[in-house]
Amino acid sequence: MTTMDQQAATEGRIRPIGLLVDRASLVVRAISQPSLVQLVMRFALAVPFWRSGILKWDGFFQLSDTAVTLFTDEFMLHLPGGPYPFPAPSVMAFLSGSGEIIFPILLTLGLATRFAALGLLCMTVIVELTVPDGWPVHITWAAMALGIMAWGPGRISTDYLVRHFLQLPKVVR
């Protein structure tokens, strides 16, 4: 058998595998539509912050004593030369609790989405400085926030509907 015959035989066996891989790729792309991925990413980022934020409140604008105690006694900023206590723990507890409620609501609605993602990215940095051993989870939050900031909320969002209704030009990346 010549090299040309061997090459033809090999290509004949590989071609069906290539077609199968190509079809599988089409199925994966059909399932992972960009707007669906953006919606899921928004929810995935919103959930842990919402759950944390809900625990900081006892009622409407009623910050729990536990939240203030955490920022006063437990949470520390792990910076060089530190750890250091949080400045103004009551204010920090209020800002943290507010951000953990407001930003996830905005994300799930897809309203002011890039700004909400930026807010949660900033909060993620502060959380990382507070709990440095949590970096494997924090980096996923940061990646989701950056993805939302870069590619926006997708078509399944209030931002998209408002932009479409007002006929505003698409944001250039």
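The values are calculated or read from the model by the stated rules, or taken from the named source; none is laboratory data. From a predicted model like this one, the values you see are computed outputs, not experimental measurements. So basically every Cβ, Gly included, is an ideal-geometry build from the backbone, and we count neighbours across all protein chains shown. Ligands, DNA and RNA are excluded from the accessible area calculation, which covers all protein heavy atoms including side chains. Shrake-Rupley method; radii C 1.70, N 1.55, O 1.52, S 1.80 Å.
When we screen Val91, Val21 for residues that are modelled with pLDDT under 90 and open to solvent by 40 Å² or more (accessible area, probe 1.4 Å), the only hit is Val21. Within the range 26-78, the set of residues being part of a helix (DSSP H, G or I), over 21 Å from Gly147 (Cβ atoms) and either of a type in the set (S, T, N, Q) or open to solvent by 50 Å² or more (accessible area, probe 1.4 Å) (or both) comprises Leu26, Val27, Ile54, Asp65, Thr66, Thr69, Leu70, Thr72, Asp73, Glu74.
State which residue is farthest from Ala46 (Cα to Cα) when the search covers only the range 143-173 and only residues that are among the hydrophobic types (A, V, I, L, M, F, W, C) and surrounded by 18 or more Cβ atoms within 10 Å (Cβ to Cβ). Spell out how you get there, then give the answer.
Our first condition is that a residue be among the hydrophobic types (A, V, I, L, M, F, W, C); within the range 143-173, this holds for 143-146, 148-151, 156, 161-162, 165-166, 168, 171-172.
Remaining after also requiring surrounded by 18 or more Cβ atoms within 10 Å (Cβ to Cβ): 144-145, 148.
Working: Met144: 10, Ala145: 10, Ile148: 11 Å.
So, considering only residues that are among the hydrophobic types (A, V, I, L, M, F, W, C) and surrounded by 18 or more Cβ atoms within 10 Å (Cβ to Cβ), the one farthest from Ala46 (Cα to Cα) is Ile148.
Pairs meeting the criteria (first residue in the range 112-133 and at positive phi and touching a residue at least 40 places away in the same chain (Cβ under 8 Å), second residue assigned to a helix (DSSP H, G or I) and of a type outside the set (S, T, N, Q), beta carbons under 8 Å, at least 6 apart or on different chains) are Ala112/Leu106; Ala112/Asp159.
Can you say whether Thr108 is touching a residue at least 12 places away in the same chain (Cβ under 8 Å), over 24 Å from the mean Cα position of the chain (by Cα) and assigned to a helix (DSSP H, G or I), as far as the supplied structure shows? Answer is no for this residue.
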